[in-house]
1. At 1.4 Å probe size, with no ligands or nucleic acids counted, give the accessible surface of Ser402 in Å², nearest ten.
2. Just the number, please: carbon plus sulfur as a percent of the accessible area of the chain, 1.4 Å probe, no ligands or DNA/RNA counted.
3. Sum -39500 (n - 2.57) across every DSSP H segment of at least 4 residues in the chain, then divide by the residue count to get the 222 nm mean residue ellipticity, nearest 500.
4. Could you work out the per residue convex hull volume over the alpha carbons of the stretch 213-363, in cubic angstrom?
5. Tabulate in residue order the Karplus-calculated ³J(HN,Hα) for the stretch 232-242, using 6.51 cos²θ - 1.76 cosθ + 1.60 with θ = phi - 60°, rounded to whole Hz; enter x for Gly and Pro.
6. Please compute the length gained on full extension between Ser428 and Asn396, using 0.36 nm multiplied by the number of residues separating them and subtracting their Cα-Cα distance.
7. Pairs Lys161/Lys448; Lys208/Lys425; Lys161/Lys357; Lys86/Lys161; Lys309/Lys425: which exceed 24 Å Cα-Cα?
8. Heads up, I need the accessible area for Glu80: 1.4 angstrom probe, whole protein in place, Å², nearest 10.
Amino acid sequence: MYKRSTLWTLIMTITLTFALAACSSGGNEPANQGTGGNTTTNTVDSGSGGEGGDVTLRLMWWGSQTRHDLTMEVIKLYQEKNPNVKIETEFTGFDGYWEKLAAMVAGNNMPDVLQMNFGEYMTQYAGKDVLADLQPFVESGTIDVSKINEGLMESGQANGKLLGIPLGMNALTVIYDEQMLKDAGAKVPDLNWTWDDWKAAAEAVHAKTGEYGTQGFETGNVFEYYARQHGQKLFNDDATGLGFDDQLLADYFQMTFEQQEKGTYPTLDVIMQHEAIEDQLIVHGKAPFDFRWSNQVVALTKAAGRPLKLAPLPGPDTAKGMYLKPAMFFSISKKSQQQEEAAKFIDFFINDVEANKIMNGERGVPVNDEVREAMAADLDETNKMIFDYIDLIGENSSPIDSNFPPGSSEVLAALEEVNEQVMYKQLSPAEAAAEFRERAESIIARAK
């Protein structure tokens, strides 16, 4: 925030900013180094010298340290093949990412290429009209999407424009520690297991070991599945309001609250102590279940140093609830001065076999059919499991819901806040469901 100060101070600040930018543009060393959820800014140098080094791209993404390390390797490979390109990178955790991006948009300082998420965030930034339409780059062949499923490509459309290129296929999953469950005499998940099976297994592990029976849920994702499996939706078909009844949300809140009371579900204080993916309860052998996206088992398994398995979320009616999702997108800033080069980088990221072998499924199963086939023979056990899981969900799922209204990111934030009030015993499940509906309808009406 700037207070009213002298014009001279403002001029000197701007001058210093441009001087620093000019000095750092050709640097080979990281501008700042960090790990975990902290922002990291690097300039990656291919070491080739290039022919003039005349193109600089800024690239930003969220994710774990594993994603950061692998992405930096892919960038190095791209620069070796394109020695006239320098790529400056910024990396942070998921929550901090959206705060940072919002500040960049407000400051007219967006990166050229940015990671974008399906649903509420795509809707939000499409509404801000800050993302470039990528259809011209597809039509020119700069971004080759000929080997990508048409339905998956449609997920990157909003407001009649193609605003994101999917980087991988993903699905919600229960990541579980099979040995921990077997040691407790608990049921191992399968395609036909139920929420009652989940409760029984969590309680058996807690009784046997004194540890938790599950990691805490990300409420928006898990409740969306819960609504779908009960024949309802997060938002209604015309995206003007909620698509489920209050009793369903109250039942969901009651289920998780009861498990917290039994000691099988961690308190919010414990959950916040284990926010980094490399520090989850399942990594430390303190819970047998972790509900999240299938690609994240790569980082979890690496951190745990032992095998972990995948299963669909509990039933009944699992196929009604499950869906395949674009893991995430790359988008291009509408104001980028390097859109053509940005598009070339995206094409490389999704279509180059060597690049995808480096990423090794960390952003989800590759979207290019031929890339998947080329990788199949060399997959490690974790990634073979992920590929097989995506095939399983493809055969046991329903189409994804794309009816996210403007303001939906704020609605989902409100859902998390109301869930916290239940877990802290500030609201009953029924009171929380009613409170959420009132807040959600107000947000959606205001955002129209």
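The values are calculated or read from the model by the stated rules, or taken from the named source; none is laboratory data. Computed from a predicted structure; not experimentally measured. A quick note on method: Cβ atoms are made from the backbone with ideal geometry, for glycine too, and the neighbour counts reach across all protein chains shown. Remember, those area values only see protein heavy atoms, side chains included, never the ligands or the DNA or RNA. Shrake-Rupley method; radii C 1.70, N 1.55, O 1.52, S 1.80 Å.
1. 90 Å²
2. Numbers: 9710 of 19850 Å².
The nonpolar share, carbon plus sulfur, comes to 49 percent.
3. On the way: 19 runs with 212 residues, N = 448.
After summing the helix terms and dividing by the residues of the chain, the value is -14500 deg cm²/dmol.
4. Values: hull volume 26.5 nm³, N = 151.
In the stretch 213-363, the Cα convex hull volume per residue is 175 Å³.
5. My calculation for the stretch 232-242 gives 10, 9, 5, 10, 6, 4, 9, 6, 10, x, 6 Hz in order.
6. Working: separation 32, 0.36 × 32 = 11.52 nm, distance 3.46 nm.
Contour length minus the Cα-Cα distance gives 8.1 nm.
7. Details: Lys161/Lys448 19 Å; Lys208/Lys425 27 Å; Lys161/Lys357 30 Å; Lys86/Lys161 29 Å; Lys309/Lys425 33 Å.
Beyond 24 Å: Lys208/Lys425; Lys161/Lys357; Lys86/Lys161; Lys309/Lys425.
8. Counting only protein heavy atoms, the figure is 100 Å².
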